[in-house]
Amino acid sequence: MVRDPKGAPVAEIEFQDVGKVYADGTRAVDALDLQIQDGEFMVFVGPSGCGKTTALRMVAGLEEISEGAILIGDRVVNNVSPKDRDIAMVFQTYALYPHMTVEENLAFGLRLRKLTKTEIGRRVHAAASTLGLEEFLQRKPRALSGGQRQRVAMGRAIVREPQVYLMDEPLSNLDAKLRVQMRAEIHKLQRELGVTTIYVTHDQTEAMTMGDRVAVMLSGHLQQVDDPERLYARPANQFVAGFIGSPAMNMTEARLSRGDDALIVNFGAHRLAVDPELVAERPALAAYENGKVVLGIRPEDFEDAAFTPEAPPERSLDTVTGLREALGSEVLVHFSIASSSSVAPDASEFIESVGDEGTIFVARVHPQTRAREGESLRLVVNTKRLHFFDPETGRAIFAEAGAQTRMTVGPRSV
Amino acid sequence: MSAVSPRVAVPKRPRVRPGAISLTALTYAIALLVFFPVLWTVLTAFKKEADAAATPPTFFFHATFANFQAVFDADYFTYFKNTLLLAGGSTLLALVLGLPAAYSLAFHPSKHTPKVLSWVLSTKMLPAVGALIPLVVIYKRVGLFDTRLGMILLYAAFNLPLVIWMMRSFFADLPKEILEASIVDGAGFFRIMTRIVLPLTAPGLAATALLSLIFSWNEFLLAVNLTAANSGTLPVFISGFQTSEGLFFAKMSAASTLAVAPVILAGWLAQRSLVRGLTFGAVK
């Protein structure tokens, strides 16, 4: 095990320009540069085939690293066998040993590492009590429920006391309720143990709720890595903007123009005055004046005007309620905008778009809204939280064009 | 055949319908047809030679154990021991060589894997009699003629394709994540094989071993041409009762009965453990 001079294990993970090309020429991961801090909970998220699992398996040593280097601690592990990397992995299918009891499943890795019987017993029972598995120790996996199997899979990782946990969609085989419960448990467990963790999921809710930082991937490329708040508030490009958040961010083609005292964004038949604070935050917007942009508005940044009567007209838009979905704590109002939807070219297959009849927007409004299907509705927009993207590159417009993606990647050295 | 593939699911008991009844009757009829030669052999073994040769055949006769006595007096146990050693030894050797090959072909396939597999099978396509003369010559030259070692090598070579093909497919059915989990847990090839892969494919392994055993047990062509007094097997022993004069049906039947009995017993025992199968609780 790699230790720093004081004797504490150091378990940073660093991807240095890592690429994966399979034998048939398929490229799964391209130029991945990322540093994960000691004790950090890092989530890899993205649609299937985005390279997140491949990246994880390269850390585990189950896939060869075609390009670049992966470091665990300060050791390059490219040619280190999985068993010598001091990692433990939780698989999507749990991969329990079906012919062994829970106890034997937990102890298997420890026996291979030649620990003493008393130490094995201690660790197995400690893990079993943490996970509430004590009464099942003598059972075989087939006699356990899905949730219990999932716990055994977690336990098998915990008993090893490794430097790094690798989790590959560990909750995707559970039903929705259990998933929420286990999500919280894993999160809590990781906090207590303080072990560096990489967690792969395709579920943006899991990513946002669990990760210290979240790395969003698409087609083998890292799109953005940030803490969940920043990822939500300042998505680096259209794909991240559409992928993070549910319902997804509304996006449409728009045109910027200079009004009397503010920047105006025009889309369809609507005009909104961009809040000066936002313009100050995004100085690069000035370059798009009188030009095309992609405007993004999150559903939660709309509100029924009836609940914000003081809102000025330049922040509101008049529309007709299409579909109304009451969810109890909120109401989702669908309405159409007479302008073409805009989706970044490489993200189009993952984001729903509506064809010719314009763009369907979704607004999340107060549960007591009086919006009725087919009736007109005035909505107020929080113009401090508009998002703008370059229509060519799909990148968010912040300070200067072209600098956004780089900026989001973690520090190269400590 | 008594070797039942462990992947054959136990059928649910259907509701009884007239069609099902006639199907059952047909099944019994076919089973009886298949079983009849065995039954006839066993019956003949208890007849006097004169009864055995009688035309039309007799179903009712005075049973005698004289034939069995004659078989035992003719050194049955030497041949039995040879057969046991040859079948067991060659099966063991074929497994020792074939299991790692199957493992490699199943878990580390390359673009050459299909070629390797068909090459392995191609050795089965040559009729044994085609290789007989060269084998006799070579075995006599190198001193393997009529030795147990020579026959074990030969039978192992004949059984190797069977072991590789069957075990490769059983291995390939294992969830890959279980192996990956054991790799991450720190297991090497030997541990993965003995602690994970073989326990999980035990029914398949038993079926494969049984088929290999039966082949070696019953093989006649090579045995009769390559062995003499030292390493003769039971099929050779049975054929030894054939004489050009006098009656030999009953004694030969007794010898056959004693030769197949162990195989039937082994098959019956194996079937009980094979059918049990393994229910996977590992994934999902």
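Figure legend. Inter-residue proximity from segment B:210-225: first residues assigned to a helix (DSSP H, G or I), second residues among the charged types (D, E, K, R), beta-carbon distance below 9 Å, spacing 6+ or different chains. No pairs are indicated. Taking the criterion of being more than 17 Å from residue B:233 (Cα to Cα) and either of a type in the set (Gly, Ala, Ser) or surrounded by 18 or more Cβ atoms within 10 Å (Cβ to Cβ) (or both), the residues of segment B:142-158 that qualify are B:143, B:157.
For segment A:137-152, the set of residues classified as within 16 Å of residue A:99 (Cβ to Cβ) and either surrounded by 19 or more Cβ atoms within 10 Å (Cβ to Cβ) or not small (Gly, Ala, Ser) (or both) consists of A:137, A:138, A:139, A:140, A:141, A:142, A:144, A:149, A:152, listed by residue number. For segment B:145-157, name all the residues that are touching a helix residue (DSSP H, G or I) at 6+ places or on another chain (Cβ under 7 Å) and either hydroxyl-bearing (Ser, Thr, Tyr) or within 20 Å of residue B:96 (Cα to Cα) (or both). B:148, B:150, B:151, B:152, B:154, B:155, B:156 - these are the residues of segment B:145-157 that are touching a helix residue (DSSP H, G or I) at 6+ places or on another chain (Cβ under 7 Å) and either hydroxyl-bearing (Ser, Thr, Tyr) or within 20 Å of residue B:96 (Cα to Cα) (or both).
Of all the criteria given as (1) within 28 Å of residue A:209 (Cα to Cα); (2) in contact with a Phe, Trp or Tyr (Cβ under 8 Å, 6 or more places away or on another chain); (3) part of a helix (DSSP H, G or I), the one not satisfied by residue A:285 is (1). Looking at the structure I just gave you, is residue B:268 more than 14 Å from chain A (Cβ to nearest Cβ) and modelled with pLDDT under 90? Spelling it out, residue B:268 is indeed more than 14 Å from chain A (Cβ to nearest Cβ) and modelled with pLDDT under 90. Only one of the numbered conditions (1) exposed (fewer than 13 other Cβ atoms within 10 Å of the Cβ); (2) at pLDDT 80 or above is violated by residue B:42, and that is (1). Of all residues in segment A:105-147, those being part of a helix (DSSP H, G or I) and within 11 Å of chain B (Cβ to nearest Cβ) number 12.
Among the residues of this structure, residue A:346 counts as one that is touching a Gly at 6+ places or on another chain (Cβ under 8 Å) and modelled with pLDDT under 90. Does residue A:32 satisfy being under 22 Å from the mean Cα position of the chain (by Cα) and modelled with pLDDT under 95? Here the answer is yes, as residue A:32 does meet what is asked.
If we keep just the residues of segment B:123-141 that are of a type in the set (A, V, I, L, M, F, W, C) and surrounded by 14 or more Cβ atoms within 10 Å (Cβ to Cβ), which is modelled with the lowest pLDDT? So the residue we want is B:128.
Only residues that are surrounded by fewer than 22 Cβ atoms within 10 Å (Cβ to Cβ) and within 16 Å of residue B:214 (Cβ to Cβ) were counted in segment B:159-173, giving 3. Of the residues making up segment B:194-253, those that are within 14 Å of chain A (Cβ to nearest Cβ) and either farther than 30 Å from residue A:108 by Cα or of a type in the set (Val, Ile, Thr) (or both) are B:194, B:196, B:197, B:201. Taken as a whole, the structure places residue A:213 among residues that are over 28 Å from residue A:365 (Cα atoms) and of a type in the set (Lys, Arg).
The residue that is surrounded by the most Cβ atoms within 10 Å (Cβ to Cβ), counting only those in segment A:24-34 that are in contact with a strand residue (DSSP E or B) (Cβ under 8 Å, 6 or more places away or on another chain) and farther than 18 Å from residue A:196 by Cβ, is A:29. Looking at the structure I just gave you, is residue A:235 part of a loop (DSSP other than H, G, I, E, B), buried (at least 19 other Cβ atoms within 10 Å of the Cβ) and away from every other protein chain (no Cβ under 14 Å)? When the stated conditions are applied, residue A:235 passes them.
If you take the residues of segment A:168-199 that are out of contact with any Pro (no Cβ under 9 Å at 6 or more places or on another chain), away from chain B (no Cβ under 12 Å) and among the hydrophobic types (A, V, I, L, M, F, W, C), which of them is surrounded by the fewest Cβ atoms within 10 Å (Cβ to Cβ)? Top of the filtered list is A:176.
Residue A:255 meets the conditions (1) within 14 Å of chain B (Cβ to nearest Cβ); (2) assigned to a strand (DSSP E or B) in every case but one. The failed one is (1). Scanning segment A:358-370 finds no residues that are loosely packed, with under 11 Cβ neighbours inside 10 Å, touching a Ser or Thr at 6+ places or on another chain (Cβ under 9 Å) and modelled with pLDDT under 85.
Of the residues making up segment A:121-136, just one is among the β-branched types (Val, Ile, Thr) and buried (at least 19 other Cβ atoms within 10 Å of the Cβ), namely A:124. Residues in segment A:219-232 that are under 13 Å from the mean Cα position of the chain (by Cα) and surrounded by fewer than 24 Cβ atoms within 10 Å (Cβ to Cβ): A:226, A:227, A:228, A:229, A:230, A:232.
Among the residues here, residue B:185 does not qualify as of a type in the set (Asp, Glu) and either in contact with a Lys or Arg (Cβ under 6 Å, 6 or more places away or on another chain) or away from every other protein chain (no Cβ under 12 Å) (or both).
Selection of first residues in segment B:111-135 that are in contact (Cβ under 8 Å) with a residue 24 or more places away in the chain and of second residues that are surrounded by fewer than 14 Cβ atoms within 10 Å (Cβ to Cβ), restricted to Cβ pairs under 8 Å at least 6 apart or on distinct chains, gives the following pairs, ordered by first then second residue: B:128/B:221; B:129/B:221; B:132/B:221. In this entry, residue A:272 passes the filter for residues that are farther than 30 Å from residue A:130 by Cα, outside the structural domain of residue A:51 (by TED's automatic domain parsing), touching a strand residue (DSSP E or B) at 6+ places or on another chain (Cβ under 9 Å) and not in a loop (DSSP other than H, G, I, E, B).
Matching residues to (1) among the aromatic types (Phe, Trp, Tyr); (2) within 23 Å of residue A:247 (Cα to Cα):
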| position | (1), (2) |
| --- | --- |
| A:165 | yes, no |
| A:175 | no, yes |
| A:179 | no, yes |
| A:184 | no, yes |
| A:190 | no, no |
| A:195 | no, no |
| A:200 | no, yes |
| A:204 | no, yes |
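With respect to being modelled with pLDDT under 95, closer than 29 Å to residue A:229 by Cβ and assigned by TED's automatic domain parsing to the domain that holds residue A:213, residue A:65 falls outside the description. In segment B:130-182, the qualifying residues are those that are in a loop (DSSP other than H, G, I, E, B) and within 14 Å of another protein chain (Cβ to nearest Cβ), and the one that is farthest from residue A:156 (Cα to Cα) is B:173.
Looking across A:413, A:353, A:329, one residue alone is at pLDDT 90 or above, surrounded by fewer than 16 Cβ atoms within 10 Å (Cβ to Cβ) and part of a loop (DSSP other than H, G, I, E, B). It is A:329.
The values are calculated or read from the model by the stated rules, or taken from the named source; none is laboratory data. Fair warning: this is a prediction, and the values are worked out from it, not measured in the lab. All Cβ positions, glycine included, derive from the backbone under ideal geometry; neighbour counts span all protein chains shown.
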